[in-house]
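The values are calculated or read from the model by the stated rules, or taken from the named source; none is laboratory data. A quick note: this is a predicted structure, and the numbers were derived from the prediction, not measured. Note that we place each Cβ from the backbone using ideal geometry, even for glycine, and neighbour counts take in every protein chain shown.
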Amino acid sequence: MAMADDEYVYDEATGEWRPASEVAAAANAKPVARDASGNELADGDSVVLIKDLKVKGAGQTIKQGTVIRSIRLTDNPEEIDCRHETIRGLVLRTEFVRKR
C-alpha cells in the first residue's frame with residue numbers, strides 16, 4: 001500500500017515522475033524576475049534598455065541605453081511596470097532590460 005507522502009505526479013515540463021510534495025512546493029514558489037543577463041530584479045531597481053523598442057499604442061520608440069528608474073515587479077516574472085516621462089503605464093519584458 002502506498003502512503004499519501006509516497007504519491008508521485010507526472011511532471012509534463014520535465015517528463016519525469018516526481019514526488020507530489022516536491023511538485024506542490026515548486027508550484028507554490030514565487031518565480032524570480034531576472035534581466036537579460038540573469039541578474040535578479042527587485043522593486044525600485046533601475047534598468048537600461050538593451051535594444052530599441054517600439055511602444056504599441058504610443059507611436060514612438062524608446063532608444064537603446066534609455067535608463068528606466070524605479071521599476072515595479074508584476075505577477076508575471078517576465079514583465080515589469082515602468083515609468084517613462086512620455087509614456088504612462090509602460091510594461092516592459094525583462095528580456096529587453098539590464099540591471100543598472
- Query: Do you know which residues across the range 64-73 are within 15 Å of residue 91 (Cα to Cα) and loosely packed, with under 13 Cβ neighbours inside 10 Å?
  - Reply: 67, 69, 70
- Note on the structure: Taking the range 28-38 and the residues there that are surrounded by 15 or more Cβ atoms within 10 Å (Cβ to Cβ) and part of a loop (DSSP other than H, G, I, E, B), the one that is farthest from the chain's Cα centre (by Cα) would be 36
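Can you name the residue in the range 2-27 that is loosely packed, with under 10 Cβ neighbours inside 10 Å, modelled with pLDDT of 80 or more and not charged (D, E, K, R) and is also nearest to the chain's Cα centre (by Cα) among such residues?
14
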- Task: Kindly indicate the residue of the range 39-77 that is acidic (Asp, Glu) and not in a strand (DSSP E or B) and also modelled with the lowest pLDDT among those meeting that condition.
- Result: 75
- Qualifying residue in the range 87-98 (condition: basic (Lys, Arg) and in a loop (DSSP other than H, G, I, E, B)): no
- Hits in the range 74-100 (condition: surrounded by 14 or more Cβ atoms within 10 Å (Cβ to Cβ) and polar (S, T, N, Q)): 94
- Inspect the range 50-61 for any residue being loosely packed, with under 10 Cβ neighbours inside 10 Å and on the phi < 0 side of the Ramachandran plot and give the result as yes or no. yes
- Taking the range 47-60, which residues are within 14 Å of residue 91 (Cα to Cα) and out of contact with any Gly (no Cβ under 8 Å at 6 or more places or on another chain)? 47, 53, 54, 55, 56, 57, 58
